[in-house]
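**Q** Pasting in a structure now, in structure tokens, and then I'll have a few things to ask.
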Amino acid sequence: MKTTFSTIDEYIASFPKETQILLKKVRATIKKVAPNLAETISYAIPTFQLNGKSLVHFAGFKNHIGFYATPTGHKEFKEELANYKQGKGSVQFPLDQPIPYDLIKRIVQFRVEELKNKTKVTSKSTKQEGGLDQYLLNLKHPLKKEIEYLRKVILEANKGLTENIKWNAPNFCYEGQDRITMRIYPPTQIQLIFHRGAKTQKQPSENLIVDDKGLLVWKTTDRAVASFKDQNDIKTKSKNLKIIINNWIKAGE
């Protein structure tokens, strides 16, 4: 089998007809999200670039299609990718199962927005560049007003909370420990990730707090997600959200 290709068309044509159909649909899914992406062959596989930077890659294999969205793309969708075999920055979609084209589309959307708004931030540079205020000032996002309003609600909930930028998004800490992080991509809704920091801890046998209003979707017993579609949704849920924030902080003390 040929292993050196100059175009994606040439690459796809090297596979059996059944696999070609799937690879063409993956390619079309990516291009539909961002029609102006540059196509090339990099690392011997199809690659899509935005402003000269690699966005995503895909590859064909005997029993699966490989999809590569860099570690950030896979980390952002790790719950939805959990049932697939993965490596660092890669996932395998078996050929004998339906290819999750909608998930691929959303991952590509996330990567496009991430590259467009990418800001290299460290704790030191965050302070030098104006912190979260400057981040929000520079942010181009269709739900920017919602992000700013949700930030206000969170900080009102507990005066002990501090804020920074982590995982390229607003992040909130209590006594120096990460506790709540916004997920702002894909830019169709805003989510709050309730967690206990980056270090793995022993999971409790039951959910960390009681959520009798059903605001949270539990991913594990110590990780939950709250979703908001617009500013009115945030306002409606703000009272219960503040209760959840304080209960989450207390449970982590």
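**Q** Return only the number of the condition from (1) part of a helix (DSSP H, G or I); (2) surrounded by 14 or more Cβ atoms within 10 Å (Cβ to Cβ); (3) without any contact (Cβ under 8 Å) to a residue 12 or more places away in the chain that ASP102 does not satisfy.
**A** (2)
**Q** Moving to a separate point now. Look at the range 177-233 and say how many of its residues are among the basic types (Lys, Arg) and either under 25 Å from GLU113 (Cβ atoms) or outside the structural domain of ARG151 (by TED's automatic domain parsing) (or both).
**A** 5
**Q** Quickly run through the range 14-64 and pick out the residues that are β-branched (Val, Ile, Thr), touching a residue at least 12 places away in the same chain (Cβ under 8 Å), in contact with a strand residue (DSSP E or B) (Cβ under 9 Å, 6 or more places away or on another chain) and closer than 19 Å to PHE110 by Cβ.
**A** Once the filter is applied, which keeps residues that are β-branched (Val, Ile, Thr), touching a residue at least 12 places away in the same chain (Cβ under 8 Å), in contact with a strand residue (DSSP E or B) (Cβ under 9 Å, 6 or more places away or on another chain) and closer than 19 Å to PHE110 by Cβ, the range 14-64 yields VAL26, ILE30, VAL56.
**Q** Within the range 194-250, which residues are more than 27 Å from LYS145 (Cβ to Cβ), acidic (Asp, Glu) and either surrounded by fewer than 12 Cβ atoms within 10 Å (Cβ to Cβ) or in contact (Cβ under 8 Å) with a residue 60 or more places away in the chain (or both)?
**A** Result: GLU206, ASP212.
**Q** Starting from residues that are of a type in the set (A, V, I, L, M, F, W, C) and out of contact with any Lys or Arg (no Cβ under 8 Å at 6 or more places or on another chain), keep the ones in the range 73-91 and report whichever is surrounded by the fewest Cβ atoms within 10 Å (Cβ to Cβ).
**A** Residues of the range 73-91 of a type in the set (A, V, I, L, M, F, W, C): 77, 81-82, 91.
Still in the running and out of contact with any Lys or Arg (no Cβ under 8 Å at 6 or more places or on another chain): 81-82.
Numbers: LEU81: 21, ALA82: 9.
Looking at the filtered set, the residue picked out is ALA82.
**Q** Which one of these does LEU192 not meet: (1) closer than 30 Å to VAL33 by Cα; (2) over 16 Å from the mean Cα position of the chain (by Cα); (3) not small (Gly, Ala, Ser)?
**A** (2)
**Q** Do the conditions hold for PHE110, that is, is it more than 21 Å from ALA169 (Cβ to Cβ), touching a Pro at 6+ places or on another chain (Cβ under 8 Å) and either of a type outside the set (S, T, N, Q) or modelled with pLDDT of 90 or more (or both)?
**A** No, not satisfied.
**Q** Restricting to the range 149-176, count the residues that are in a strand (DSSP E or B) and more than 19 Å from LEU216 (Cβ to Cβ).
**A** The total comes to 6.
The values are calculated or read from the model by the stated rules, or taken from the named source; none is laboratory data. Quick caveat, the model's predicted, so the values are computed rather than measured. Ideal geometry is used to build each Cβ from the backbone, glycine not excepted, and the neighbour counts take in all protein chains shown.
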